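Since the structure comes first, as structure tokens, the remarks are kept for the end.
The values are calculated or read from the model by the stated rules, or taken from the named source; none is laboratory data. This structure is a prediction, so every number in the text was calculated from the model and none was measured. Cβ sites come from the backbone with ideal geometry, for glycine too, and all protein chains shown count toward neighbours. All accessible areas refer to the heavy atoms of the entire protein, side chains included, with ligands and DNA or RNA removed. Shrake-Rupley method; radii C 1.70, N 1.55, O 1.52, S 1.80 Å.
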Amino acid sequence: MRPVRQEIMWQAVLDAVAALERSGPLDVLDVGGGTGGDAVRLAALGHRVTVVDPSPDALASLDRRAAEAGVHDQVVGVLGDTGDLGEEVTLAGTDLALLHGVLEHVDDPAEALRTVAATLRPDGVLSVVVAGRPAAVLARTLAGDFAAASALAQARVEGWDLRAHGPRRYVPEELHEQLAAAGFTVLAHAGLRTFADLVPSAVVDTEPGARERLYALERLVRTSSEFSGISAGLHTIARLDLI
């Protein structure tokens with residue numbers, strides 16, 4: 001049985017696939033896809049997936065996982081990052097690009113989005129997951145680190161200092177502005193892990209039915225603006241504007 005957090009992230013992938021409103025196999029690019037937790041599951045559904053990741057060890061694990069799942073021919077691993085996409089990935093050849101947990105760490109998120117946009121076919125779809133800033137402020141406050149909470153509360157994505165504040169943290173408006181600047185139209189936005197990161201694993205693992213009820217609660221509030229803003233993860237699905 002997979003953890004609730006993992007299933008929440010997988011549902012985000014499925015939501016992005018559904019946004020394409022197409023039948024048949026898709027060409028999917030998973031940037032920072034690591035060991036292929038999503039890629040192999042997508043391949044099992046019949047899709048073709050290219051995983052780009054800077055870790056050779058992760059790509060080796062991806063290769064083994066794909067072979068064990070019998071989808072080795074449908075999954076390709078590429079060593080690199082967003083800066084290498086123009087060299088390693090066919091331009092305008094991707095139906096769906098996944099950019100989950102990447103913009104927090106890159107030096108230039110705007111450039112990363114433009115690079116990914118170039119890999120998409122006209123009318124292609126991008127799925128972006130980033131860390132939410134309000135949730136990080138709340139977590140540091142609950143931990144008693146009020147100085148760090150104050151610093152994060154005042155930080156903004158524009159001009160973010162990775163060395164001073166750690167991984168970049170967003171509010172939805174900042175992400176959507178960056179997507180628009182890169183040529184995307186937002187189709188849907190949702191909160192991920194609104195409560196899952198706050199619930200002790202002992203509760204979820206030991207109380208009968210807790211896992212299912214927590215997942216149902218996450219699904220219930222994910223598109224609610226009242227709750228999505230405090231979610232640990234912010235998920236946006238956007239379509240590349242037709243030119």
Residue check, R193 out of contact with any Pro (no Cβ under 7 Å at 6 or more places or on another chain), over 21 Å from A139 (Cβ atoms) and surrounded by 15 or more Cβ atoms within 10 Å (Cβ to Cβ): no
Only one of (1) open to solvent by 50 Å² or more (accessible area, probe 1.4 Å); (2) over 21 Å from the mean Cα position of the chain (by Cα) is not met by D108, so which one is it? (2)
If A69 satisfies all but one of (1) open to solvent by 50 Å² or more (accessible area, probe 1.4 Å); (2) in contact with a Ser or Thr (Cβ under 8 Å, 6 or more places away or on another chain), what's the number of the condition it fails? (2)
Could you please give the count of residues in the stretch 174-188 that are assigned to a helix (DSSP H, G or I), within 11 Å of D241 (Cβ to Cβ) and open to solvent by 40 Å² or more (accessible area, probe 1.4 Å)? 1
What is the number of the single condition among (1) of a type in the set (A, V, I, L, M, F, W, C); (2) touching a helix residue (DSSP H, G or I) at 6+ places or on another chain (Cβ under 6 Å); (3) closer than 24 Å to A188 by Cα; (4) open to solvent by 20 Å² or more (accessible area, probe 1.4 Å) that A18 does not meet? (2)
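Only one of these is in contact (Cβ under 8 Å) with a residue 12 or more places away in the chain, within 27 Å of A196 (Cα to Cα) and not acidic (D, E): A97, A112, A69. Name it.
The conditions single out A97.
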Answer residue from the stretch 120-158, given it is out of contact with any Leu (no Cβ under 6 Å at 6 or more places or on another chain), surrounded by 17 or more Cβ atoms within 10 Å (Cβ to Cβ) and β-branched (V, I, T) and is farthest from D15 (Cα to Cα) among those: V157
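From A92, A97, grab the single residue that is open to solvent by 40 Å² or more (accessible area, probe 1.4 Å) and in contact with a strand residue (DSSP E or B) (Cβ under 6 Å, 6 or more places away or on another chain).
After applying the criteria, what remains is A92.
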